[in-house]
Amino acid sequence: MSNRGFGNKGYLSTANSVSDQTIANGGNYTGSWESVIDYASIAITFTATGVGTLYLRFSDTADGATVRQTIQLSNGVDSTSGIHGAIASWPYIQVYFTNDSGSSIDLTLVTVLHQSSKISIPTSRLETPYNRYSDVLNTRVANDINLDTNRGGIAGHETVHNFGENPDIVASTTENIAFNSVLVMPSSASTVRIKSGGSTSDTAAGAGATEVTVEGLDENWESASEAIATNGSSASSATTTTFRRVFRAYVSGFGTVFTTGTAGGNVGNIEIETTGGTVVVTIPSGKGQTLTSLYTVPAGYTAYLTRAAATVESNKASDVRMWQRPDADDVTTPVRGRRLITEFEKIIGYYPKVFNSWPSFTEKTDLWATGTAPSGNSSAISFEYDLTLVKNT
């Protein structure tokens, strides 16, 4: 690229710009150290045929012998970047780009030096997710931050809503808040299947549930899901995925078109078991969805608890407690014990909690809830909670 003036205020940097340059797998583009002492601001952007990470380096010497500051300008998972601005706060700069795609790519990178400040209002499109490397102004946004998170508008952020119910906790006892109190945290990974003994109507060619999708964490503690064809009263085929945790299963296929809200659910209970025969979750008849309070934070994420709520059957004051167990992958004794997160004492009806200071949980932390029924009365207790997952960097 040639050096080209923009009036008397800006110039295209030839030392730190490139057009369609091939960058080998694992390679990088390194610009030349360039004086910016006569410029007020710097604008940088790139596009490539694969993903990469863009950096801006600063030095106080012409040869850059000592790099005084490095700013990461992109998140390393995109093949294009926004328009990034920086103040020429050190006398020398160098642009640096790493090829993170796993293959050879072509890079076009533009650096423009401005004699007057061009850093006034950074802009982006509503459809462009922002992340911790986006240029921002310190101001309150007009749109709903929770909506942006839920619609995938904030890179590296996800939301989880989990809920469970135990419809019959025996008087004076403590049980897991899950259907039939079943809440399993296996010490090893296993394929899973639908257990035999279900309804003959819940079959791939039947009038009930034809397919069930299982969600959880695989052998690497990463999020995984797989659909299983139902097989009536017989066991289904096993998944190809090996699951360390299963915390949700739902009916994802149904055999008839229904026109009322009371139809469309699985005819019988659908139990999901390991191929070793341990039931891990159950879809109750007609519910179409498991009811378990268990959730495990995936590898590479930190979870933040934003809200929790318990509901207890009328006139049966009960205790509800939410628990955590970090380092669920550690199966060599002594292992980490459970730890109380929050509790609801002697409650009746619906009782919510919204957390202003969000409790946080590291990757591979199990989360669940228990309920204690009062003396002389069994009780139905349900529990739900919301998490924001943030990808670790």
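Brief remarks on what is shown
- Dipole magnitude of the chain about its Cα centre (Cβ charges: Lys, Arg +1; Asp, Glu -1), debye to nearest 20: 600
- Comparing I93, I145, I381 in a Gaussian network model of the chain where C-alpha atoms under 10 Å apart are linked, the largest mean-square fluctuation is found at I145.
- Lys pairs, the chain - Cα-Cα below 30 angstrom, 8 or more residues apart or on other chains: 12
- Here the dipole of segment 184-283 is about 160 debye; that uses its Cα centre as origin and unit charges on the Cβ of Lys and Arg (positive) and Asp and Glu (negative).
- Given charges at Cβ of Lys, Arg, Asp, Glu: segment 184-283 dipole, positive-most of V212, T240, A224: V212
- Candidate values [x] 60, 24, 15; [y] 53, 25, 19; [z] 33, 28, 20, label of the one derived for semi-axes √(5λ) of the Cα gyration tensor in Å: [y]
- Inter-centroid distance (Cα atoms) of segment 165-210 relative to segment 264-310, Å: 8
- T256/D20 FRET efficiency (R0 41 Å; Cβ-Cβ; nearest 0.05): 0.15
- Among A24, S199, T388 - extreme Cα towards positive end, dipole of the chain, charges at beta-carbon: T388
- As a rough footprinting exposure proxy, the listed residues S101, S236, S188 were ranked by other beta carbons within 10 Å of their own, and the order from fewest upward is S188, S101, S236.
- Taking the fewest neighbouring Cβ atoms within 10 Å as the starting point, the ordered list for D60, D38, D386 is D38, D60, D386.
- According to the Cα-based calculation, Rg over Rh for segment 211-296 is 0.97, with Rh computed by the Kirkwood formula.
- For F383, F254, order by how many other beta-carbon atoms lie within 10 Å, fewest first: F254, F383
All of the numbers you see were taken from the coordinates with simple rules; none came from a lab. Here the structure is a predicted model, which is why all the values come from computation and not from measurement. Methodologically, a virtual Cβ is constructed for each residue, glycine included, from the backbone with ideal geometry; neighbour enumeration extends over all protein chains shown.
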